[in-house]
Amino acid sequence: LGKGKTMKKYQKEDLVSYTLGAFPSIELIKNRPQDVVVVYQSSRYEHAHELTQLCNQHHVSLEINDKAIEKLSDKDNVFVIAVFRKFASPLSEGHHVVLVQPENMGNFGTIVRTVAGFGLKDIAVILPAIDVFDPKAVRASMGSLFHVNIQTFPSFEAYRQAFPKHALYPLMLQSATYLDEMSFPKVPSALVFGPEGNGLTDDFASLGTSVKIRQDASVDSFNLPIAVAVAVFEFTRQMR
């Protein structure tokens, strides 16, 4: 890619993806400069000097290319796009958030941002699931995708084989244990969340210690990003 090369709209099978907007692009450049292919800047971008300095500092190619930005963006307020190689980021042995078959890219990006905001660094994604590198998911994470490790697994069993010693805490409505009554031991742990539509299946209740969030009876359930935020907040509070 670069001058004279054509960048096309994202497809899942592509080896590269791209950020939409200055903030996630800057987070990418700062955190994973080795994966940046090229940064496209609009001629209308007001902070061109700062972006040029950042790209020079990290030895990243920068182009003023209005045509590329217009082609890749579906909004008029995008002035910076950074093309990057998809990367592998295996999980560490620390605490994990496990997302079983997440279905919504916006929710996924919000969850990544939330998890990173509370200081956790590892997210397991159980397939089938959304494409974690889709520009919509990247944008929703506001650059947090470049701060965390995200690893996909073909099944929950495959995740368990990789991390057999992690204590499991499935978040389930049918659990008898409320989150605010839990006392989490300070051992490597995994908070497990089901898909947006139906949550975790009943068989997860027998895995580890299932947990539910206390809520008013007038509400059916919290949506997935809210459930993750509440659970991760309480978990990380206890881990301090």
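By the combined test of axial Cα extent (at least 30 Å) and Kyte-Doolittle hydropathy (mean at least 1.6), none of the DSSP H helices of the chain qualifies.
Taking a point 7 Å out from the Cα of ALA162 in the direction of its Cβ, the residues of segment 79-105 whose backbone N falls within less than 15 Å of it are 87-102. The charge dipole of segment 1-146, taken about the Cα centre with unit charges on the Cβ atoms of Lys, Arg (+1) and Asp, Glu (-1), comes to about 260 debye, rounded to the nearest 20. Residues of segment 84-101 falling in the label zone of LEU15, defined by backbone nitrogen less than 14 Å from a point 7 Å along Cα to beta-carbon, are 84-88.
Inter-label distance, SER218 to GLN53: 5.2 nm, where each label sits 7 Å from its Cα along the C-beta direction. Positive contributions from Lys and Arg (+1) and negative ones from Asp and Glu (-1), summed over other residues with Cβ under 14 Å from the Cβ of THR52, come out at -3. Averaging the Cα positions of each part gives two centres, and for segment 103-131 and segment 71-91 these lie 17 Å apart. Quick one: with all protein chains in place, what share of the accessible area of segment 121-233 is carbon or sulfur, to the nearest percent (1.4 Å probe)? The C+S portion of the solvent-accessible surface of segment 121-233 is 55 percent. Residues whose amide H falls under 5 Å from that of VAL37, counting only those 5 or more places apart or on a different chain, are VAL83, PHE84, ARG85, with hydrogens built in the peptide plane.
Note that the chain presents 50 Å² accessible area per residue, ligands and nucleic acids not counted, probe 1.4 Å. As a rough guide to protection, the peptides 79-91, 98-110 ranked by mean Cβ packing within 10 Å, highest first, stand as 98-110, 79-91. Working from Cα pairs under 8 Å separated by at least six residues, relative contact order for the chain is 20 percent. A protection proxy built from the mean count of other Cβ atoms within 10 Å ranks the segments 33-42, 169-178, most packed first, as 33-42, 169-178. Which of the pairs LYS67/LYS136; LYS136/LYS212; LYS86/LYS212; LYS30/LYS67; LYS121/LYS165 have their Cα atoms more than 27 Å apart in this structure? The pairs that break the limit, which is 27 Å between Cα atoms, are LYS136/LYS212; LYS86/LYS212. Spacing of the modelled spin labels on THR209 and THR177, each 7 Å from Cα toward Cβ, amounts to 0.4 nm.
For the listed peptides 51-60, 13-22, a ranking on the average number of other beta carbons within 10 Å per residue, highest first, reads 13-22, 51-60.
The values are calculated or read from the model by the stated rules, or taken from the named source; none is laboratory data. What you see is a predicted model; the values in this text were computed from it and never measured. Positions of Cβ are backbone-derived with ideal geometry, glycine not excepted, and every protein chain shown enters the neighbour counts. Just so you know, the surface numbers come from the protein's heavy atoms only, side chains and all, with ligands and any DNA or RNA stripped out. Shrake-Rupley method; radii C 1.70, N 1.55, O 1.52, S 1.80 Å.
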